[in-house]
Amino acid sequence: MLRFKKGSAKCALCGAPLSWEEALATRFSCLSTCLRVVEPRHLKHHHADFLREAEKKAPIHFYAFLIMSSLACLYLALGSLYMVMTLSVLAGAALVRGTVVRRRLLKAYGARGAY
C-alpha cells in the first residue's frame, strides 16, 4: 500500500502544502466536482470562486467524454466499426476540450505552473 506524507504535495493555486488527494483535486477539478472522489476542503475554504467556476465548466466536458466513450464501447460490442470510430473521435475531442478548459481555468486563477 502506498503511503504519502502529508504536506509533500502543494496546492496548484496557492502553493500551500496539502495531502496528495487534495493537491490532485486542485489540479483536476473533475475529481471533486464530477466524480466526488475527493472532498475539496481546501478549495472550499481558500478558493471558493475557483470551485464555483469549475463546478460550472467541468461536468459538461467530463460527462460528454463519458457518454461518448460508453457509446463507443456499446457499438464495439454491436460490431459497428464506423460508429466506434466516430464516437471515439468525438470522445477524444471532448477530452481535449476539457483539458484546454481546465488549463485556462487554472491559469485564470493564478496556478503556479501546475497545469
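So here's what we get for this one:
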item	result
Filter result for the condition that a residue is modelled with pLDDT under 95 and either polar (S, T, N, Q) or surrounded by 14 or more Cβ atoms within 10 Å (Cβ to Cβ) (or both), over Arg97, Arg102, Arg112	Arg102
Residue that is farthest from Leu90 (Cα to Cα), among those in the range 11-25 that are free of Cβ contacts under 8 Å to residues at least 24 places away in the same chain and in contact with a helix residue (DSSP H, G or I) (Cβ under 7 Å, 6 or more places away or on another chain)	Glu22
Elements of type helices (runs of 4 or more DSSP H) contained in the range 1-78, each with 2 or more residues being charged (D, E, K, R)	20-27, 41-46, 48-78
Residue count, the range 36-59 (criterion: under 14 Å from Gly98 (Cβ atoms) and free of Cβ contacts under 8 Å to residues at least 12 places away in the same chain)	1
Only one of Ala111, Ala94 that is among the small types (Gly, Ala, Ser), out of contact with any Gly (no Cβ under 9 Å at 6 or more places or on another chain), over 24 Å from Trp20 (Cβ atoms) and in contact (Cβ under 8 Å) with a residue 24 or more places away in the chain	Ala94
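The values are calculated or read from the model by the stated rules, or taken from the named source; none is laboratory data. This structure is a prediction, so every number in the text was calculated from the model and none was measured. Positions of Cβ are backbone-derived with ideal geometry, glycine not excepted, and every protein chain shown enters the neighbour counts.
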